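The values are calculated or read from the model by the stated rules, or taken from the named source; none is laboratory data. These numbers were taken from a predicted model, which means no experiment stands behind them. A quick note on method: Cβ atoms are made from the backbone with ideal geometry, for glycine too, and the neighbour counts reach across all protein chains shown. Remember, those area values only see protein heavy atoms, side chains included, never the ligands or the DNA or RNA. Shrake-Rupley method; radii C 1.70, N 1.55, O 1.52, S 1.80 Å.
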Amino acid sequence: MATKLTIFIFFLVIMQISLADAYQNNATRISDAPAPQPSASSNYSNMHGITQGSLRPQECGPRCSARCSRTQYKKPCLFFCHKCCAKCLCVPPGTYGNKQVCPCYNNWKTKRGGPKCP
């Protein structure tokens, strides 16, 4: 009985060593694989509407709706967003901030010096 137990433990140790070695080899192969690069068309779609002058006037509506979707002051937000988009032809991504990607949108100020564009 003791020899069967010894053989069984020896078998388990060998299996554990071989599995650990196989895992190490697989992890090395995965890390050596090159990362997928974004295609030019996906890069264009990510930047479309964000950089200054990249929108057409008819594209301002959906962009401003998304920009103003989380505010409690929807009507003034949409009004000024449409006004800014008509002038700058861009709307920053997200619902707040990110104005640095559209300098015109960021630099247009009110008479008091506050931001004109939401």
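If the condition is being surrounded by 10 or more Cβ atoms within 10 Å (Cβ to Cβ) and either over 17 Å from PRO103 (Cα atoms) or touching a residue at least 40 places away in the same chain (Cβ under 8 Å) (or both), then region 53-62 contributes PRO57, GLU59, GLY61, PRO62.
On the given criteria, is THR28 modelled with pLDDT of 70 or more and either assigned to a helix (DSSP H, G or I) or surrounded by 13 or more Cβ atoms within 10 Å (Cβ to Cβ) (or both)? No, not satisfied. Evaluate the following for PRO93: is it touching a residue at least 40 places away in the same chain (Cβ under 8 Å) and closer than 19 Å to GLN58 by Cα? It is true that PRO93 is touching a residue at least 40 places away in the same chain (Cβ under 8 Å) and closer than 19 Å to GLN58 by Cα. Among the criteria (1) part of a helix (DSSP H, G or I); (2) under 25 Å from the mean Cα position of the chain (by Cα); (3) closer than 19 Å to SER54 by Cα, the one PHE80 does not fulfil is (2). For region 63-107, which residues satisfy the criterion of being open to solvent by 20 Å² or more (accessible area, probe 1.4 Å) and basic (Lys, Arg)? Within region 63-107, ARG63, ARG70, LYS74, LYS75, LYS83, LYS87, LYS99 qualify.
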